[in-house]
1. Mind telling me which of the residues PRO77, PRO69 ends up being at pLDDT 95 or above, exposed (fewer than 11 other Cβ atoms within 10 Å of the Cβ) and within 27 Å of LEU162 (Cβ to Cβ)?
2. Just one of ARG23, ARG48 is of a type outside the set (S, T, N, Q), open to solvent by 50 Å² or more (accessible area, probe 1.4 Å) and touching a residue at least 60 places away in the same chain (Cβ under 8 Å); which is it?
3. Tell me, which residue of the range 109-123 that is out of contact with any helix residue (DSSP H, G or I) (no Cβ under 7 Å at 6 or more places or on another chain) and not aromatic (Phe, Trp, Tyr) is farthest from the ligand (Cβ to nearest atom)?
4. Quick one: SER98 ticks every box in (1) touching a Cys at 6+ places or on another chain (Cβ under 8 Å); (2) in contact (Cβ under 8 Å) with a residue 12 or more places away in the chain; (3) not charged (D, E, K, R) except a single one, so which number is it?
5. How many residues are under 19 Å from TYR197 (Cβ atoms) and in contact with a Phe, Trp or Tyr (Cβ under 7 Å, 6 or more places away or on another chain) when one looks only at the range 232-268?
6. Would you say ARG48 is among the charged types (D, E, K, R), in contact with a helix residue (DSSP H, G or I) (Cβ under 8 Å, 6 or more places away or on another chain) and modelled with pLDDT of 95 or more?
7. Taking the range 108-132 only, how many residues are touching a Ser or Thr at 6+ places or on another chain (Cβ under 9 Å) and open to solvent by 30 Å² or more (accessible area, probe 1.4 Å)?
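The values are calculated or read from the model by the stated rules, or taken from the named source; none is laboratory data. For clarity, every value in this text was computed on a predicted model and none was experimentally measured. FYI the Cβ positions are ideal-geometry reconstructions off the backbone, even for glycines, and counts take in every protein chain you see. SASA here: full protein model, heavy atoms, side chains in, ligands and nucleic acids out. Shrake-Rupley method; radii C 1.70, N 1.55, O 1.52, S 1.80 Å.
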Amino acid sequence: MTTTATRPAGAKPRAAIEAKTLRTDRWWLAPVLTVIGLTAWVAYATFRVFMQKLYWVDAYHYLTPFYSPCVSKGCYPAAAEFGRFIPDNPLIPFAALSLPFLLIFRLTCYYYRKAYYRSFWLSPPACAVPDGHAKYTGETRFPLIFQNAHRYAFYAAALISLINTWDAVLAMHSPSGFGFGLGNVILWINVIMLWAYTASCHSCRHIIGGRLKHFSKHPVRYKLWSWVSVLNTRHMGLAWITLATLALTDFYIMGLAAGWWNDLRFIG
Ligand code: FES
């Protein structure tokens, strides 16, 4: 993005038009919907993360992703597959080991950056609509320079997706041994979508196919890069789909744990 201060020599300034924008379509709709969607999701997730109950269904070993891995001393022992070693405190989430990394992963995601820069920061709110700020300093200085941490957050997110996958495996359980119900279907859909979102990450695409001079000399990496590139074109959709699957999975397990409904069982 070019500003008055950084405009290359010879480049023309923005046309002097009086109207703020000449767009006549509903360009404001996407930013408004983004604000509503993200605010609602963050409010729900915050409420659930600090609730510190209704996150585990003992009969079927269902653990909501918002509490995975459950590492607080306050976790149910059966839900704490990786041990309980974090102080039990109302201000410390039970999954305090994973949630900060997931938050950083999403906050620094290329798509979410676009979404919240446009909708919350109005920088700019849409194409051909002026920036809400007089100055643009980009991501080259504090604090936005930390957006570059995204590639490292990707590794943490991949590890957490592995843990979520393990949770889904352990959840194929019933009081009599193996079991499978609607909760498992929901957990597996969530895990598959999380992997799709994680694999579609721009950093993942670069890790797999970047820094190569000749694709022809790296056919396996080229093939993987081609697959990731297909997913990458759907990154925005996957970002929203995973917000929905995470919230729905959590809500379904909360309802089961609270006794609001029963799990539809296919086996066990
Ligand atoms: Fe969105 Fe990496 S770019 S998760």
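1. Residue meeting the stated conditions: PRO77.
2. Sole residue among the options that is of a type outside the set (S, T, N, Q), open to solvent by 50 Å² or more (accessible area, probe 1.4 Å) and touching a residue at least 60 places away in the same chain (Cβ under 8 Å): ARG23.
3. Filtering first and then ranking leaves LEU122.
4. (1)
5. Total meeting the criteria: 8.
6. yes
7. Residues that pass the stated criteria total 9.
For (1) among the charged types (D, E, K, R); (2) in contact (Cβ under 8 Å) with a residue 40 or more places away in the chain, each residue gets a yes or a no:
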{"residue": "GLU139", "(1), (2)": "yes, no"}
{"residue": "ALA158", "(1), (2)": "no, yes"}
{"residue": "SER176", "(1), (2)": "no, yes"}
{"residue": "PHE180", "(1), (2)": "no, yes"}
{"residue": "THR198", "(1), (2)": "no, yes"}
{"residue": "HIS202", "(1), (2)": "no, yes"}
{"residue": "GLY209", "(1), (2)": "no, no"}
{"residue": "HIS214", "(1), (2)": "no, no"}
{"residue": "VAL220", "(1), (2)": "no, no"}
